[in-house]
Amino acid sequence: MSTTENLDKVWKSALKLIKSEVPISSFQAWIKPAHLTSLEGNKALLEVKNEFSKNLLIQNYQRSIVKALEASLNHSVDLIINVNRQMQSEEYTPSLSSLDEAAQHSVALAHSSVAANPRSHDTLGQNYLNQKYTFDNFIVGAHNQFCHAAALAIAEQTSNGAYNPFFIYGDVGLGKTHIMQAIGHYLIQKKPQAKILYLSTERFLNDLISHMRKSKMSEFRSKYRSVDLLMIDDIQFIEGKETTQEEFFHTFNALKDNGSQIILTSDRQPKAISRLEPRLCSRFEGGLVADVQAPTYETRLAIISRKADELKMKVKSEVADLIAEAFPGNIRSLEGALVKLQAYTNFTSRPITIDLTRDVLQITTSPENSNSSAFAVSPNFSAGRKTLERIVKEVASKMKVPEASIMSRDNSQETKNARQVAMLIARSKGLTLTEIGQAFDGRGNSSILNSCKKVQKDLENDHQLKKLVEEIEKVIS
Ligand code: ADP
Ligand code: MG
């Protein structure tokens, strides 16, 4: 039997252990809000506020939670995670007000509540959705968390029409099409009768031309204006196409008037699309505009690990490290790298080693001096550099070590400690090993990783140090 007091005590001690294992931002966002509500024999019941948190905990933190509960209870634990809707009002929900907060959380790998195999849907003959592009298969990191939270709010229809249209922009291969289609899949699941339509701008244009040619514009209009959800991909291709813009403008207005949701993707934000009618531009900006950025190093590692599982490949951590460093830009190229590696090993039956990976993927720089040149530097580099400067400044003042020594090769114990703390915080803020290495006098990846591991270990026993790191992390947004 479990008293509330007992539960509280057990959960608090488990939380302490979990906190030392997972990134602080993920801990705050996902683990701390959960409640341990029952302990019966080996069964421990944890309650969370929604399916999203539940799936996220199951997929990413179940093992850490079980381990921590077992350590505080001294016996084995079967963990059950349930949704308790009453908790919804208390804590983090991916609503508009908390989107900024969500955007700040560093890597948190998430999966929504969509079932693995969404049924195919044929309301309009064909909706052109790719079955792979579901929330389940979508990995959430700092780079796309804002967009994901908004997408989920639209899918769950908790946005009350406020994000209409939902305009997603970002470079190629960063998951725009995937997240947009995930909303479509989710809606089909929830409302099988909903009329949804996904299409590229090119297809929209071709369809328009073909209906115009056949003088069947009323058919065209009734087709596009009767849907509940219209998703148009790569809307930037509409630029300069006046007739299409004109027709799309009317489609857009009709849909909005009906309360139907419109989702658009683009490689740039509305005002950067040249030769776009101002009235369309302002319509596009009238809902929610969200960008997706390049994934951080940690998210790239998570993506590699997930995609490798999907491809049934065994990828050692040092190989994953190498690929994550070598392909900083986009997720499509990460996938491409794994597929190429798999094809090669299938043909040759050779195991995936560092050397083989370097050969096959033509990675020329060794990870030890990856900061020297051949790896492209993340586009967020200058932002990363600024964050690093702030971290070093904060660490220097809190640990009473001059900033300049932290950045130098000075190896006195105090300086070394401060430098290692700065590296750990930089990692927890999503900076890549390359960025950290470049800032710290060209240190290699494994030297940085070892430093971080050492501080992580010190944190377990040194309460004061832990507090200090948390304080610094809080100050650095
Ligand atoms: P975009 O439309 O921005 O060019 P896509 O949505 O086509 O990019 O994504 C490119 C590839 O990368 C797809 O195979 C997609 O499934 C994958 N991908 C992108 N983002 C993610 C993510 N966050 N999690 C898992 N896979 C992703
Ligand atoms: Mg796309």
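The values are calculated or read from the model by the stated rules, or taken from the named source; none is laboratory data. Predicted, not measured: the structure shown is a model, and the values here were computed from it. Here the Cβ is made from the backbone with ideal geometry for all residues, glycine too, and neighbour counts use every protein chain on show. Only protein heavy atoms, including side chains, enter the accessible area calculation; ligands, DNA and RNA are left aside. Shrake-Rupley method; radii C 1.70, N 1.55, O 1.52, S 1.80 Å.
Points worth noting:
- Value at 222 nm in deg cm²/dmol, rounded to 500, when DSSP H runs of n ≥ 4 in the chain each add -39,500 (n - 2.57): -15500 deg cm²/dmol
- For E277, net neighbour charge (Lys/Arg +1, Asp/Glu -1) across residues whose Cβ lies under 14 Å away: 0
- With protein chains left intact and a 1.4 Å probe, residues in the chain average 47 Å² of accessible area per residue.
- For segment 137-243, the alpha carbon positions stretch 47, 32, 24 Å along the principal axes, listed from largest to smallest.
- Mean Cβ count within 10 Å, highest first, over the residues of peptides 9-17, 164-172: 164-172, 9-17
- Values of log10 I(q)/I(0), in the order q = 0.09, 0.12, 0.13 Å⁻¹, for the chain under a Debye, Cα-only, solvent-free model: -0.71, -1.16, -1.29
- Rolling a 1.4 Å probe over the protein heavy atoms leaves Y61 with an accessible area of roughly 20 Å².
- Each of C281 and E318 was given a label point 7 Å from its Cα along the Cα-to-Cβ line. The distance between the two points is 5.3 nm.
- Positive-end residue, segment 264-304 charge dipole about Cα centroid, Cβ charges, pick of Q293, I304, P270: P270
- Rounded Å value of the spacing that divides the Cα centres of segment 321-335 and segment 221-263: 35 Å
- Note on exposure: R390, R332 ranked by accessible area (1.4 Å probe, complete protein assembly) read R332, R390, with the most exposed listed first.
- To put it simply, the accessible area of the chain at a 1.4 Å probe is 48 percent carbon and sulfur.
- Peptide ranges 134-145, 238-249, 392-403 listed from the most packed, as the mean C-beta count within 10 angstrom indicates: 134-145, 392-403, 238-249
- For segment 246-299: rounded, prolate or oblate by the Cα gyration tensor [a/c cutoff 1.5]: oblate
- Proximal charge balance of D462 [Cβ under 13 Å; K/R count +1, D/E count -1]: +1
- Counting only protein heavy atoms and using a 1.4 Å probe, the accessible area of K316 comes to about 110 Å².
- Only protein heavy atoms count here; on that basis, with a 1.4 Å probe, D207 has an accessible area of about 30 Å².
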